[in-house]
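Read the structure below first, then the notes.
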Amino acid sequence: MKRTISALSLAATLAVAALHAQEIRLTGAGATFPYPIYSKWVLEYVTVRPNMQINYQSIGSGGGIRQFSDHTVDFGATDGPMSDSAITAINGNVHHIPTVLGAVVPVYEVPGVTAQLKFTPEVLAGIFLGQITKWNDSRIAAANPGVTLPDNDVVVVHRSDGSGTTFIFTDYLAKVSPEWQRRVGKGTAVNWPVGLGGRGNEGVASTVKRTPGSIGYVELVYATQNRIPFGVVRNRAGNFVEASLASTTAAAASAEFPAATDFRVSITDAPGADAYPIASFTWILIPKEISDGVKGRALLEWLWWATHDGQRFANSLGYATLPAPVVTLIEARLKTVTSGGRPILPANFGAGARRR
Amino acid sequence: MSAATPVLPDTRAPRLSGAERWHELRIVSRGDVVFRLLLTAFAAAVPLLLLIILGELIAGAWPAMKQFGLGFITTSTWDPVAGTFGVLPLIFGTLYSSLVAMVIAVPLALGVAIFLTEFAPRWLRTPVATLVELLAGVPSVIYGLWGVFVLIPLLRDVIWPIVKPVLSWLPVFNGVFYGPSVLAGGMILAIMVLPYIAAVSREVLLAVPSAQREAALALGATRWEAVWTVVLPYGRVGIVGAVILGLGRAIGETMAVTMLIGNRHEISWSLIQPGYTIAAAIANEFAEAVTSMHLSALVYAGLVLFVITVIVNASARWLIWRVARGSAAGSSAI
């Protein structure tokens, strides 16, 4: 029954699409991290709606926010949410729509250690603050009983380029360590207390691999695709969790979304028992009020599709999917977008297709 | 010259005012006028472009200039989260890594140039010169990769353990050597600028008249003495120009440096410690600079780099002018 309804609604969407058959072009710009999935969504959406062209430029989150704020693109994309002051600067005319999730994992090269290392939040913060300087430090050893740790110096490797990966990682450290929050804070680029800078995930990974005693952080998708072993991290519930697509989605599922936050919630250090603690949404930025109603409708329909049917492409590309409760919230949010003061999507839009 | 030569009255044509001359030119050849205007426009485009770049840099850097003033170039904290920006470590890193590069590259490049013009057998000259120039065509990211996979492991695992007992007391070899460092960055820069310095120096040395060499040899000089006392001094203007060309490239190089230098905002005279350069920092942080002050600070850093380049070039001109009061050979090669 459900399937029939969803097929019917798809047919209805196609019919509507065929009605206003003029070609629609949308441009977006922003984060590089979700670029593979966004370009997949652009490519696959042709089968749903052939007369729509979406051009997404992965110029980085900062550029995405700027171009969105300057109205030079129809939508922006960012790995770190816009700051309150940036939102005030554009009169609050923005919705953050989560699209997929990513996770960040610690990678290390410790001579003589083959076992998967376990990291507590205190150990990670201590290492990146430069307070834990030897691998055989008692704090590391306490979390890794049975592992013989060498006397090597700890060499910290971080991203030298500004990146969403750094944002997620520092956001996590800022949550679990008051000292990190005070001394360093969170951001796409921060003032690192110690360490070497590597450019991109590949720069960090290759530096870590070639530097005995080093530790760095890379995106989960980069680590899995390149078969780089990574450590497990203790979450807030006290369990050591290995990063995976499932444990990343679990982090999002256990997060709460107060109404006023516009999905700008950090899901690092999430409370769920099996939630991986260093995870985050990546967002697409759309205006609350879109003057061109036709374009607005096309954009919203594409986002609707991306957060529903489009999610099935996520796992194979290394992204974690949105949990169902979040998708329900997104549906409600998309329906609040207006053109000329009137909602663009009909109130019953997507009825029947709601449960993926 | 004009002071010494008596000015002869021009008897070929009556004097024409500007407008008449313009008119005459148009009659003579419309094509010439168009050509001339076109060339003037081309020539004007370059300084104009420079001015536009400078203007854009200042406009983009203005918020940071207003907030930090000259403190920007004298402070060392680069904290995008707190919104505090100082580029002293970047300036230091830019100049220090370039200095390292020049110390390594200049003797090497001059050696190559002298060998190719004075000592190499004739059949060897062209192939070796071509190979050296080929180095200039290798993309910098390739040098960077080579540095990451070959140079750094070689320095850290093979060379450093051998020289450490002998050299580690020197301040420039202070600390623990992890690999990415000013030394690695400077060495890769040296390899990258070597072909420029070698190629231009070679042209300069080729331009030294053989009569000079023959005269020196006839006076009983050895070949070494002929090169050192006659050929090199004769071409020194051009050689200084070649070195400056290489230095300019070293200061602005981005990709290979950022892959090897360690990207750390820190001032350290130790060659084996990580550093950072202005160009690398801009390339690294520009795309994800979220706050407008961060972006403005990066543009300000770009302006500082621009000024450094201008200063380097101006002092090069001055140096050439100083050196040129004596001989002028090869000055055309700059």
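The values are calculated or read from the model by the stated rules, or taken from the named source; none is laboratory data. Keep in mind it's a predicted model, so treat the numbers as computed, not measured. Cβ atoms come from the backbone with ideal geometry, glycine included; neighbour counts cover every protein chain shown.
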Within segment A:333-356, the residues that are under 27 Å from A:Ser254 (Cα atoms), modelled with pLDDT of 90 or more and either out of contact with any Leu (no Cβ under 7 Å at 6 or more places or on another chain) or in a loop (DSSP other than H, G, I, E, B) (or both) are A:Arg333, A:Lys335, A:Thr336, A:Val337
Every listed condition ((1) in a loop (DSSP other than H, G, I, E, B); (2) free of Cβ contacts under 8 Å to residues at least 24 places away in the same chain) holds for A:Ala237 save (2)
Among the residues of segment B:105-156, the number that are surrounded by fewer than 13 Cβ atoms within 10 Å (Cβ to Cβ), among the basic types (Lys, Arg) and within 20 Å of B:Thr258 (Cβ to Cβ) is 0
Does segment B:301-311 contain any residue that is crowded, with 24+ Cβ neighbours inside 10 Å and more than 21 Å from the chain's Cα centre (by Cα)? no
Counting only helices (runs of 4 or more DSSP H) wholly inside segment B:221-334, the ones holding at least 3 residues that are closer than 30 Å to B:Ala184 by Cβ, more than 13 Å from every other protein chain (Cβ to nearest Cβ) and aliphatic (A, V, I, L, M) are B:236-252, B:292-324
Within segment B:43-90, of all residues that are of a type outside the set (A, V, I, L, M, F, W, C) and more than 14 Å from chain A (Cβ to nearest Cβ), the one nearest to A:Ser83 (Cα to Cα) is B:Gln67
Within segment A:49-63, the count of residues that are more than 10 Å from chain B (Cβ to nearest Cβ), touching a residue at least 60 places away in the same chain (Cβ under 8 Å) and of a type in the set (Ser, Thr, Tyr) comes to 0
Segment A:46-145: helices (runs of 4 or more DSSP H) wholly inside it with 3 or more residues that are more than 29 Å from A:Leu245 (Cβ to Cβ) are A:61-69, A:84-89, A:138-143
Within segment B:78-111, the residues that are farther than 18 Å from B:Leu247 by Cβ, touching a residue at least 12 places away in the same chain (Cβ under 8 Å) and out of contact with any helix residue (DSSP H, G or I) (no Cβ under 7 Å at 6 or more places or on another chain) are B:Trp78, B:Pro89
Subset of segment A:64-81, residues crowded, with 24+ Cβ neighbours inside 10 Å, within 11 Å of another protein chain (Cβ to nearest Cβ) and either within 18 Å of A:Ile37 (Cβ to Cβ) or more than 17 Å from the chain's Cα centre (by Cα) (or both), comes to A:Gly64, A:Thr78, A:Asp79, A:Gly80
Practice prompt. May I ask you to verify whether B:Val204 is at pLDDT 90 or above and on the phi < 0 side of the Ramachandran plot?
Written response: yes
Checked segment B:76-118 for anything part of a loop (DSSP other than H, G, I, E, B) and touching a strand residue (DSSP E or B) at 6+ places or on another chain (Cβ under 8 Å); matches are B:Thr77, B:Gly86, B:Val87
